[in-house]
Amino acid sequence: MSVRSLIDITDLSTAELEELLSVAQDIIDRPGDYAHLCDGKKLATLFFEPSTRTRLSFEAAMYELGGHVLSVTGTATSSAAKGESVADTAKVISCYADIIAMRHPKEGAALVAALNASIPVINAGDGGHCHPTQTLADLLTIRREKGRFTDLTVGLCGDLKFGRTVHSLINALARYEGVRFVLISPEELKVPSYVKTTLREGGIPYAQTTDLEGAMPELDILYMTRVQRERFFNEEDYLRLKDSYILTPDKLRNARADLAILHPLPRVNEISVAIDADPRACYFKQVLNGKYMRMALILKLLKEAGRL
Ligand code: NCD
């Protein structure tokens with residue numbers, strides 16, 4: 001890998017997370033200072049899987065820094081349809097752009113791209129593996145809502161097996177003192193064992209349960225997720241599990257007054273729209289926070305690559 005990329009959230013040290021959070025806050029406070037920092041620079045967004053938020057968030061981030069965007073969406077209209085490898089695509093795009101944001105259905109695809117590109121690659125989601133920039137959005141939201149990353153009981157609910165945002169968020173928060181996880185899912189959709197190994201080896205307290213309402217009173221954060229239909233091997237299992245958890249106002253009866261409810265979106269029906277007006281609902285704030293964090297990340301990686 002010739003230049004620094006972001007493949008996994010663990011690629012960033014705690015100090016670097018702080019640096020990104022503080023740049024994002026400065027962007028919020030003084031957007032004008034950032035409006036031309038990427039003049040003439042190009043971001044290539046290569047999205048080989050459906051996306052609205054993440055791709056547009058990266059593109060909006062680059063435009064707000066004064067830069068340009070080159071975009072590939074879907075495999076049908078790109079050379080991937082002709083059988084081009086991720087490695088070759090990464091080499092080719094390196095000739096056109098300054099930085100790549102890539103989403104791909106295969107775990108490890110972003111790493112392969114980074115190993116072959118001569119420009120920074122940002123993993124915008126690789127299969128059911130990880131999604132580090134969603135975690136950056138989640139972290140800024142937690143910082144703005146709770147003011148801290150320490151001493152938090154964090155409930156993660158839904159599809160913890162295939163939900164890549166969950167895996168990255170656990171890896172990010174696991175480094176802070178006093179964080180405790182409550183993993184709420186159906187038996188079939190528990191977190192993968194490699195994530196549990198990280199928790200166990202780090203001595204990080206966690207509980208596994210199927211009972212959302214039972215866990216509710218102790219939670220500082222509730223991170224709801226969609227059941228990831230596209231990763232199931234058969235539709236029958238999906239149909240059986242898709243409505244396992246639906247957050248409705250009555251389920252919040254025993255929740256804390258200062259609970260923060262997060263969701264990476266898109267929402268299917270895991271959170272009733274009746275909750276949107278609840279001051280504890282933070283999922284639309286998360287979207288905006290994601291753009292600021294992606295701006296901070298693009299600046300950092302371009303600078304480290306000597307392109308700014
Ligand atoms: C998530 C993803 O793509 O993993 N969406 C997003 O990027 N905000 C979550 C999901 O698709 O359920």
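The values are calculated or read from the model by the stated rules, or taken from the named source; none is laboratory data. Note that the structure is a prediction, hence the values are computed from the model and not measured. So basically every Cβ, Gly included, is an ideal-geometry build from the backbone, and we count neighbours across all protein chains shown. Quick note on the areas: whole protein, heavy atoms, side chains included, nothing else; ligands and nucleic acids left out. Shrake-Rupley method; radii C 1.70, N 1.55, O 1.52, S 1.80 Å.
Computed 3J(HN,Hα) for region 76-92, one whole-Hz value per residue from the Karplus formula 6.51 cos²θ - 1.76 cosθ + 1.60 where θ = phi - 60°, is 4, 9, 10, 5, 4, 5, 8, x, 5, 7, 4, 4, 5, 4, 4, 5, 5, glycine and proline marked x. Distance between the 7 Å Cα→Cβ label points at A60 and E177: 3.6 nm. What's log10 of I(q)/I(0) for region 1-150 at q = 0.14, 0.15 Å⁻¹, Debye sum over Cα points only, no solvent? The computed values of log10 I(q)/I(0) come out as -0.70, -0.80. If you sort the three axes of the alpha carbon gyration tensor as a ≥ b ≥ c, you get a/c of 1.5 or more for the chain and a/b above b/c, which makes it prolate. Sorted on the mean count of surrounding Cβ atoms within 10 Å across their residues, most packed first, peptides 132-138, 298-304, 109-115 read 132-138, 109-115, 298-304. Quick one: pull the percent of accessible area on the chain belonging to carbon and sulfur, 1.4 Å probe, ligands and nucleic acids left out. Looking at the chain in its full context, I get 52 percent from C and S. For the chain, the relative contact order is 20 percent, taking Cα pairs closer than 8 Å that sit 6 or more residues apart in sequence and dividing their mean separation by the residue count. Among the chymotrypsin sites (Phe, Trp or Tyr not before Pro) found in region 192-258, those both in a DSSP coil and sparsely packed, with 13 or fewer other Cβ atoms within 10 Å of their Cβ, are F233.
Can you bin region 154-308 into rounded, prolate or oblate? Criterion: square roots of the alpha carbon gyration tensor eigenvalues sorted a ≥ b ≥ c, rounded for a/c under 1.5, prolate for a/b above b/c, oblate for the rest. Rounded, since a/c falls under 1.5.
Only beta bridges with both residues in the chain are counted; by DSSP, about 5 percent of them are antiparallel. For the set K41/K106; K190/K242; K42/K91; K41/K303, the pairs lying more than 18 angstrom apart at their alpha carbons are K41/K106.
Backbone amide hydrogens, once placed in the peptide plane, bring F181 within less than 5 Å of V154, Y206, A207, excluding anything fewer than 5 places away on its chain. Per-residue extension of 0.36 nm, minus the Cα-Cα distance of Q208 and Y96, leaves a gain of 35.6 nm for this segment.
Axis of helix 53-64 versus longest Cα principal axis of the chain: the two differ by about 50°, to the nearest ten degrees.
Exposure check, 1.4 Å probe, all protein chains in place: D243 carries approximately 70 Å² of accessible surface. Extension gain, S2-L115: 0.36 nm per intervening residue step, less the Cα-Cα distance, totals 39.9 nm. Entry comment: accessible area of region 132-286 is 41 Å² per residue, from protein heavy atoms only and a probe of 1.4 Å. Taking the charge dipole of the chain about its Cα centre, with +1 at Lys and Arg Cβ atoms and -1 at Asp and Glu Cβ atoms, the residue from V287, P266, C38 reaching farthest to the positive side is C38. Around the amide H of V72, modelled in the peptide plane, lie the amide H atoms of T45, L46, F47, all under 5 Å away and 5 or more residues distant in sequence or on another chain. When the Cα positions of A110, P205, V227 are compared along the charge dipole of the chain, A110 comes out farthest toward the positive end, with charges on each C-beta of Lys, Arg, Asp and Glu.
Karplus-derived 3J(HN,Hα) values for region 261-277, using 6.51 cos²θ - 1.76 cosθ + 1.60 with θ = phi - 60°, are 9, 10, 7, x, 6, x, 8, 9, 9, 6, 10, 5, 5, 5, 8, 4, 7 Hz; glycine and proline are entered as x. Taking Cα centre as origin and charging only the Cβ of basic (Lys, Arg, +1) and acidic (Asp, Glu, -1) residues, the dipole magnitude of region 230-308 rounds to 580 debye. Remark: spin-label model distance E18-S85 equals 4.2 nm, labels positioned 7 Å along the Cα→Cβ axis. Placing pseudo-labels 7 Å out from each Cα toward the beta carbon at R256 and K106 gives an inter-label distance of 4.3 nm. A protection proxy built from the mean count of other Cβ atoms within 10 Å ranks the segments 8-17, 45-54, 196-205, most packed first, as 45-54, 8-17, 196-205. Charged side chains reduced to their Cβ positions (Lys and Arg at +1, Asp and Glu at -1) give the chain a dipole of some 400 debye around its Cα centre. Using 0.36 nm per residue and subtracting the Cα-Cα separation, the extra length available between D243 and E304 on full extension is 17.5 nm.
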